[in-house]
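These notes are about the structure you will find just below.
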Amino acid sequence: MPDSRAFVQHLSEALPYLQRFFGKTLVIKYGGAAMDQVEARLAFFQDMVLLRQVGIKPVVVHGGGPMITAMLKRVGKTTEFIEGLRVTDAETVGITEMVLAGAINKGIVAEINRQGGRAVGISGKDGNLIEAVKHRPTRPGQDPARPEDGIDIGFVGDVSRVNPALLEALDNSGFIPVVAPLGVGSQGETYNINADTVAGAVAGALRAEKLILMTDTPGVLRDPKDPATLISSLSLPEIERLTREGVLSGGMIPKIAACRQALEAGCKVCHIIDGRVPHAALLEIFTDAGVGTLVTLS
Ligand SMILES: Nc1ncnc2c1ncn2[C@@H]1O[C@H](COP(=O)(O)OP(=O)(O)OP(=O)(O)O)[C@@H](O)[C@H]1O
Ligand SMILES: [Mg+2]
């Protein structure tokens, strides 16, 4: 078939998906290697503009751990991690906010707008979007009834409440919200929160049609070193089993927790996909190709 005929054929095949997702909200976490690969990066911004153009409402939540580490290094601060979480003193959270809500957030906004979109960058502080409390990792042998006995790693937060009114207002006015993963505490203090956690909480609060977590692996792998062991779909009970078997570790743990939180709050489905593949989000949304790992309630 000539190229132009094939193109029109494919476009026509997208019709059921265009109809199904019209007017619906999709929450997309943009992070990991996807953020620094030039081709995939440009494709991602184009995808967000295309979604909005066809009447779908994307909400972007971004990460930025490596860039925070690089900036801390430039100002002469070393980074210490406890259980995969950055120990964050007052100076570190200030720098984190500058990098996440400043450089990274506004960079994404400018690039989406350059592709013809109307993106607005906010952090979890704007409109009280993300209310947070201090996250305290548990010590070995700690009484589970006393979470306050956990380790104090500074301004690392857990989401305590999401107030999605600002996102809804932006969505309903044709803007693409781009959210930096920060939260605000009861005293107005800033918390750095894992971007997957924020995306899961936002997808739940918006009862999103989909939560898409874009990362730097093909999806959930049975053997994290072997891409051929991709698990194409997972239910929450299957996740319990994989967790017991120790298959999920590191950065995959907050992703799975985010899926659980979103699904339990009413988000329909979650996908963990490979953000290194250009147009990964469109492939997931508009084709039956079944990219990455689908996570469902049961
Ligand atoms: N079973 C598994 N399957 C796939 N990846 C896994 C698994 N267990 C652990 N991982 C790790 O999770 C990582 C993805 O999470 P990571 O936090 O590193 O990236 P990200 O969340 O996309 O980016 P960022 O945290 O910068 O926003 C993978 O690169 C892999 O090392
Ligand atoms: Mg991560």
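The values are calculated or read from the model by the stated rules, or taken from the named source; none is laboratory data. Treat the numbers as computed from the prediction; the structure is a model and nothing was measured. No Cβ is skipped: glycine too gets one built from the backbone with ideal geometry, and neighbour counts run over all protein chains shown. All accessible areas refer to the heavy atoms of the entire protein, side chains included, with ligands and DNA or RNA removed. Shrake-Rupley method; radii C 1.70, N 1.55, O 1.52, S 1.80 Å.
The accessible area of HIS135, taken with all protein chains in place and a 1.4 Å probe, comes to roughly 50 Å². Relative to the longest principal axis of the Cα atoms of the chain, the long axis of helix 252-264 makes an angle of roughly 70 degrees.
Past 27 Å, Cα to Cα: identify those pairs from LYS73/LYS225; LYS77/LYS134; LYS106/LYS268; LYS57/LYS134; LYS77/LYS225, in the order given. Where the Cα-Cα span goes over 27 Å, the pairs concerned are LYS73/LYS225; LYS106/LYS268; LYS57/LYS134; LYS77/LYS225.
In straight-distance terms, cross-link reach from LYS210 covers every one of the aspartates and glutamates whose alpha-carbon lies under 17 Å from its own, apart from those fewer than eight places away in the same chain; here that gives ASP47, GLU168, ASP171, ASP196, GLU264, ASP274, GLU284, ASP288.
With axes computed from alpha carbons, what is the tilt in degrees of helix 105-114 against the longest principal axis of the chain, rounded to the nearest 10 within 0 to 90? Helix 105-114 sits roughly 10 degrees off the main axis of the chain.
Over the chain, what percent of the accessible surface lies on carbon and sulfur atoms, probe 1.4 Å? Carbon and sulfur: 55 percent of the exposed surface of the chain.
The overall shape of segment 146-298, judged from the alpha-carbon gyration tensor, is oblate: a/c is not under 1.5, and a/b is no greater than b/c. How much of the pair distance distribution for segment 50-185 lies past 26 Å, counting alpha-carbon pairs only, in percent? Roughly 33 percent, once rounded to a whole number.
Just flag the chymotrypsin sites (Phe, Trp or Tyr not before Pro) in segment 1-88 sitting in loop per DSSP whose Cβ has no more than 13 other Cβ atoms within 10 Å. For chymotrypsin sites (Phe, Trp or Tyr not before Pro) across segment 1-88 that sit outside H, G, I, E and B with at most 13 neighbouring Cβ atoms in 10 Å, the list reads PHE22. By the Stokes-Einstein formula, at 1.567 mPa s and 4 °C, the chain with its Kirkwood radius over alpha-carbon pairs has D equal to 66 µm²/s.
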